1. Where does each of Lys31, Lys8 land when they are ordered by accessible area, with a 1.4 Å probe and the largest first?
2. Too long at a 29 Å Cα-Cα cut-off: which of Lys46/Lys72; Lys31/Lys72; Lys8/Lys58; Lys31/Lys58?
3. With all protein chains present, how much of the accessible area of region 3-61 (probe radius 1.4 Å) comes from carbon and sulfur, to the nearest whole percent?
4. What full-extension length gain, to one decimal in nm, is calculated for Lys31 and Lys13 as 0.36 nm per residue of separation minus the Cα-Cα distance?
5. Going 7 Å from the Cα of Ile53 along its beta-carbon direction, which residues of region 1-29 have the amide nitrogen within less than 19 Å of the resulting point?
6. Taking the Cα centre of region 1-77 as origin and charging only Cβ (+1 Lys, Arg; -1 Asp, Glu), how large is the dipole, in debye to the nearest 20?
7. Long-range amide H contacts for Leu25: which residues qualify at under 5 Å (H placed 1.01 Å from N, peptide plane, sequence gap of 5 or more or a different chain)?
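The values are calculated or read from the model by the stated rules, or taken from the named source; none is laboratory data. Owing to the predicted nature of the structure, the values given are computational and were not obtained by experimental measurement. For neighbour counting, all protein chains shown are included, and Cβ atoms are generated from backbone atoms with ideal geometry for every residue, glycine included. These accessible areas exclude ligands, DNA and RNA; they are computed on the full protein's heavy atoms, side chains included. Shrake-Rupley method; radii C 1.70, N 1.55, O 1.52, S 1.80 Å.
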Amino acid sequence: MEGKFDVKWIYVKDVPNNQLRHIKLENNDNKPVTNSRDTQEVPRDKGMQLMRIIHDYKHSTSIFDDFGHYEKRQDEDNARKGSDRKTWTNSGDNKDSDVPKTKN
């Protein structure tokens, strides 16, 4: 199959693996669905079980709750890396002026 398709998110909620682990996939060596990888085919009956559990699960957290924390951490990492980086300058006062020189 080639091409692309649009996805409309219906749910964004955290459902713990222990809520889904009992669903085994015959087409994946009877491993729990939680051991599946992206693009794993899921038979219709198992997919319906998954969707029912996801729909009914009463969640108290969301991945969105963590975004602020991780954005702050990334900003701190970027600031730290920025102070560790060397600045490249081109002095232009020699015949190899196209070769970058480091400046600490």
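1. Working: Lys31 85, Lys8 175 Å².
If we order Lys31, Lys8 from most to least accessible, we get Lys8, Lys31.
2. Values: Lys46/Lys72 39 Å; Lys31/Lys72 38 Å; Lys8/Lys58 21 Å; Lys31/Lys58 25 Å.
Checking Cα-Cα distances, Lys46/Lys72; Lys31/Lys72 exceed 29 Å.
3. Numbers: 2460 of 5010 Å².
The nonpolar share, carbon plus sulfur, comes to 49 percent.
4. Values: separation 18, 0.36 × 18 = 6.48 nm, distance 2.33 nm.
Extra length from Lys31 to Lys13 when fully extended: 4.2 nm.
5. What the label zone holds, given the 19 Å backbone N cut-off, is 10-29.
6. Details: 13 positive and 15 negative charges, 98 e Å.
That gives region 1-77 a dipole magnitude of about 480 debye.
7. The answer is Asn30, Lys31, Val33.
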